[in-house]
Amino acid sequence: MTPTPEPPRLRVRKRITRCYELSWMVVMDSPAWVLVHGTCRGPTGEQIGHAWVETLDGQHVYETMTDRVMCAGEHADYFAALAVHRYLQRQAAEQVVKSGHYGPWAAA
């Protein structure tokens with residue numbers, strides 16, 4: 001079994017509401033991670049737009065809001081996360097240049 005790559009740790013104070021930005025930053029620092037845009041369960045139970053990163057094999061997730069690496073299944077269950085779009089490093093960089101923001105770039 002291949003060990004999970006350690007994501008670049010972001011030294012930020014405020015993480016809430018910055019999932020798209022922080023997840024993009026991780027992918028720009030390390031091509032071993034894929035940027036994911038999708039939905040998750042929000043604070044009041046509704047599905048909301050969200051971003052996170054996962055390993056290239058899709059087995060592990062780094063959740064930038066909690067600064068925690070976990071198995072993809074655990075992440076999906078705990079956050080009711082549903083991936084809608086995945087972007088490799090180059091694709092994510094191109095989307096930011098084209099749109100002028102960190103996402104989301106397509107309707108989730």
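Just so you know, all these numbers are worked out from the coordinates, no wet-lab data involved. Since this is a predicted model, take the numbers as computed values, not measurements. Note: ideal-geometry Cβ built from the backbone for every residue, glycine included; neighbour counts use all protein chains shown.
If you check every pair at least six apart or on different chains, which have Cβ atoms under 8 Å apart with a residue in region 50-78 that is on the phi > 0 side of the Ramachandran plot first and a residue that is surrounded by 17 or more Cβ atoms within 10 Å (Cβ to Cβ) and in a strand (DSSP E or B) second?
From residues that are on the phi > 0 side of the Ramachandran plot, the pairs are Gly58/Val34.
State whether the residues of region 43-53 include one that is loosely packed, with under 15 Cβ neighbours inside 10 Å, within 19 Å of Leu82 (Cβ to Cβ) and hydrophobic (A, V, I, L, M, F, W, C).
yes
Tell me which residues, restricted to region 26-49, are without any contact (Cβ under 8 Å) to a residue 24 or more places away in the chain and under 17 Å from Arg90 (Cβ atoms).
Answer for region 26-49, where residues must be without any contact (Cβ under 8 Å) to a residue 24 or more places away in the chain and under 17 Å from Arg90 (Cβ atoms): just Asp29.
Conditions first: (1) touching a residue at least 40 places away in the same chain (Cβ under 8 Å); (2) over 24 Å from His101 (Cβ atoms). Arg18 passes all but one, so which condition is the exception?
(2) is the only condition that Arg18 fails.
I want to confirm something. Restricting to region 11-40 and keeping residues that are touching a helix residue (DSSP H, G or I) at 6+ places or on another chain (Cβ under 6 Å) and over 14 Å from Pro104 (Cα atoms), which single residue is surrounded by the fewest Cβ atoms within 10 Å (Cβ to Cβ)?
Applying the filter and picking the extreme gives Pro31.
Looking at region 81-104, which of its residues are surrounded by 14 or more Cβ atoms within 10 Å (Cβ to Cβ), out of contact with any helix residue (DSSP H, G or I) (no Cβ under 6 Å at 6 or more places or on another chain) and of a type in the set (Gly, Ala, Ser)?
Ala83, Ala93
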